[in-house]
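Chemist: Okay, handing you the structure first.
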Amino acid sequence: MFEQAGENRSGPTEGGIGAVTKASGNSDSPFLRPPHPSLTLPAQRDMHVFEWTRSSAWGPIVVDLMSDIVTDQVVTSLRKRPPKYFVSDESSWLDEATLKAGSFQEPDCFSVLAQRLPSVFKAVVAYHACRPGAPHIVAAEGLRVLDPRRLQEDALALFDAPEESILASIEELDVATREGVVHLALDDVFLIQRCGHYLIYGSETMQGIAANLQRRTGRDAFGALRSRGIPTIFVCELPLQLLDPGDVLALAATSLTKALESTIAGHPPPSSIDFTLTLKKAVPPHYIVRHYHPDVIPNPHEGYRPCRIASASCSLCSA
Ligand SMILES: [Zn+2]
């Protein structure tokens, strides 16, 4: 029921974005500050945890990691001729600028940063939204991938409907495509504000079963999903090695794009972001660092009308 839910850099910061922006004198953006002293010598770096909401921490690091490629000249040229859109799903806008400046490195800027991120960041903070009946079991067992046998047991125990209708409702879902993955988000605010159905009703698969069952029987099935468990956000620190390489690349692309856009536009990166990590494996319990229970959740099934949670605590809270 808890389906979920040898560095290749040439050097220090001189000549990178930090140096350019330092000269500009604008200290409002975190990217306009001088690079952190610990970044000047790779051997002296501390390992950091990437947390999206702390852009003042990761921004200068990302900028510094690319300072040999995204040089002053590159930033100046982007400032003079900014791309129509700072997009993170393709890097040609940035690669072309580095090519012109003579600093381009194969295969592309986003991939280069993806290779370099683990040299500084040991983990990324990610959030999982669910409605567990027993949060202490999740804390003890970790975030599990979908297990069709357990799903069936849970559904049979949860819904007050004929067994054949429940089994047919499960059969109707393409469960095979949902097996073996756990979804987490980089931003818990976005998760709560836009994806509250995972908190209010539980996993997408169980919601699918409820929808099928409701159609078959004509009786409310979503009420059962709301009747058990407690909306919970599990906060994880995931080692970068645990992530899918595609997600590490997306993280590199998004962070670099937002850092550059911020530097050139003179404002901080957005505090909220829609960014999903899809792990093709379970999350072991020791990567869950804490949990909490949102008490007001906009319900996407009801036009984002606020859903207020009466009792927002569990046995884990007082443990
Ligand atoms: Zn709790």
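Chemist: Distance from the Cα centre of the stretch 167-206 to that of the stretch 217-294, in angstrom?
Modeler: 13 Å
Chemist: Among Ser165, Ser311, which comes first, second and so on when ranked by fewest other beta-carbon atoms within 10 Å?
Modeler: Ser311, Ser165
Chemist: With viscosity set to 0.692 mPa s at 37 °C, what whole-number translational diffusion coefficient in µm²/s follows for the stretch 191-319 from Stokes-Einstein and a Kirkwood radius over Cα pairs?
Modeler: Numbers: Rh = 17.5 Å.
The calculation lands on 187 µm²/s.
Chemist: What are the equivalent ellipsoid semi-axes of the stretch 127-176, built from the alpha-carbon gyration tensor (square roots of five times its eigenvalues), in whole angstrom, biggest first? Spell out each step's value before the answer.
Modeler: Values: eigenvalues 110, 35, 16 Å².
Semi-axes, largest first: 23, 13, 9 Å.
Chemist: Could you give log10 I(q)/I(0) at q = 0.07, 0.12 Å⁻¹ for the chain, computed by the Debye formula over C-alpha point scatterers of equal weight, without solvent?
Modeler: Taken in order of the listed q values, log10 I(q)/I(0) reads -0.35, -0.85.
Chemist: Taking amide H positions as placed 1.01 Å from N in the peptide plane, with prolines and chain starts having none, which residues 5 or more places from Val124, or on another chain, fall under 5 Å of its amide H?
Modeler: Phe50, Leu238, Leu240
No value in this document is a laboratory result; all are computed from the given coordinates. Only a predicted model underlies this, so the values are computations on that prediction, with no experimental measurement involved. Here the Cβ is made from the backbone with ideal geometry for all residues, glycine too, and neighbour counts use every protein chain on show.
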